[in-house]
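Novice: Quick one: this structure, given as structure tokens, is what I'll be asking you about.
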Amino acid sequence: MSVPVFDAGLELRAAGDGTRRLKGSFPYKKRAVIDSGGGGRRPKKEEFAPKAFSYAVNDPDREIHLLIGHSFDKPLASKKAGTLILLDNAVELAFEAILTPDIQRTSWAADFIAAYSAGLVGGISPGFRVAPPEVVDQPEETTDEDPEEGDALIRTIFAAILFELSMVTRPAYQETQTDLRSFNPSCERGAERYRHAMSRWRA
């Protein structure tokens, strides 16, 4: 399992009703340094092809969690619980996580919000494995060279089975944005309202 990280540019806002919303996106076609090389090794970089996560995102029976530090003991939201909404397109995998009052009262969520407010949470990392070709009818991952990247090897992932997104501290991917703010469920319900809200928000 690979765990690349992207910069989150986080913002925390007070919630009037005690419920918070975390919004963000994972950009496709942006490269992260997986191995800087040295000692005879060539640098290695990684990128995800557009809609690389669509297999898991579009499967109504597949669970995907929002976690802290890749720990399933520290969940913040989940797809099956209806508190993690994922919207995939050719540019990015966008998400919205509703942090309920019950979750916010857990010790790990309180620690996360405190670290977030202090600027110590630096990114979001996907937990995934590359999908085998017999599961997803897409090209297998490739490793190529790009003259603009010197002697670096570029790994492109075309299909990945996403298990979770995690809040982490060290960014590698540099182009995204995440926003944690108040959320009033009575004001924003249903997929159409969610899609409209996400269309007004960009990384």
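The values are calculated or read from the model by the stated rules, or taken from the named source; none is laboratory data. This one's a predicted model, so the numbers in the text were calculated from it and none came from an experiment. Cβ atoms come from the backbone with ideal geometry, glycine included; neighbour counts cover every protein chain shown.
Novice: Within the set of pairs 6+ apart or on separate chains, which have a first residue in segment 72-87 that is under 15 Å from residue 59 (Cβ atoms), a second that is surrounded by fewer than 20 Cβ atoms within 10 Å (Cβ to Cβ), and C-beta atoms under 6 Å apart?
Specialist: Between residues of segment 72-87 that are under 15 Å from residue 59 (Cβ atoms) and residues that are surrounded by fewer than 20 Cβ atoms within 10 Å (Cβ to Cβ), the close pairs are 79/63; 80/63; 84/78; 85/194; 86/57; 87/198.
Novice: Go over the candidates 84, 67, 22 one by one and state the one that is crowded, with 16+ Cβ neighbours inside 10 Å, within 21 Å of residue 118 (Cα to Cα), at pLDDT 90 or above and not β-branched (Val, Ile, Thr).
Specialist: Answer to the selection: 67.
Novice: Among the residues of segment 36-64, count how many are buried (at least 20 other Cβ atoms within 10 Å of the Cβ) and part of a helix (DSSP H, G or I).
Specialist: 1
Novice: Can you name every one of the strands (runs of 3 or more DSSP E) wholly within segment 66-120 that holds 3 or more residues which are farther than 11 Å from residue 164 by Cβ?
Specialist: Answer list for segment 66-120: 84-88, 92-99.
Novice: Only one of these is within 16 Å of the chain's Cα centre (by Cα), over 23 Å from residue 30 (Cα atoms) and modelled with pLDDT of 80 or more: 161, 103, 98. Name it.
Specialist: Step by step, each of 161, 103, 98 is checked, and only 98 is within 16 Å of the chain's Cα centre (by Cα), over 23 Å from residue 30 (Cα atoms) and modelled with pLDDT of 80 or more.
Novice: Let me ask you something else. Looking at 118, 114, 97, 110, which is the one that is aliphatic (A, V, I, L, M), touching a residue at least 12 places away in the same chain (Cβ under 8 Å) and at negative phi?
Specialist: 97
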